[in-house]
């Protein structure tokens, strides 16, 4: 008989080890943007910033580490200016695409 595992007992998934190239990061952000959820976008940018080094991204974006952590926590709703600055520091840009193309 197989042992059943409760979902609550599973470890939380951490995407940061897989975000090791610009192509992977762009694909990750594209998938997140399709969800159309600002809190999820903030959390994904937080994942990417942690993968790259939070201190480095904070410095490059002109934000303090504390402000960056606060803005990119999973339940945050950061301003567009913050998202834009973090994206620039990460070396990515958000691109508009027609929905019905």
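The values are calculated or read from the model by the stated rules, or taken from the named source; none is laboratory data. Worth saying up front: this structure is predicted, and the values here are computed from it rather than measured. Quick reminder, even Gly has a Cβ in these numbers, built from the backbone with ideal geometry, and neighbours come from all protein chains shown.
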Next on the checklist: Can you report the number of residues in segment 71-88 which are in a loop (DSSP other than H, G, I, E, B) and under 10 Å from the mean Cα position of the chain (by Cα)?
Outcome noted: 3
Checklist outcome for this item: Over segment 9-25, the set of residues modelled with pLDDT under 90 and surrounded by 10 or more Cβ atoms within 10 Å (Cβ to Cβ) is 22
Checklist entry - Say we look at segment 1-26 and pick out the residues that are in contact (Cβ under 8 Å) with a residue 24 or more places away in the chain and not in a helix (DSSP H, G or I); which of these is farthest from residue 48 (Cα to Cα)? => result 14
Checklist outcome for this item: residue 30: passes all of (1) without any contact (Cβ under 8 Å) to a residue 24 or more places away in the chain; (2) outside any helix (DSSP H, G or I) but (2)
Checklist entry - Can we say residue 63 is assigned to a loop (DSSP other than H, G, I, E, B), more than 13 Å from the chain's Cα centre (by Cα) and either free of Cβ contacts under 8 Å to residues at least 60 places away in the same chain or surrounded by fewer than 17 Cβ atoms within 10 Å (Cβ to Cβ) (or both)? => result yes
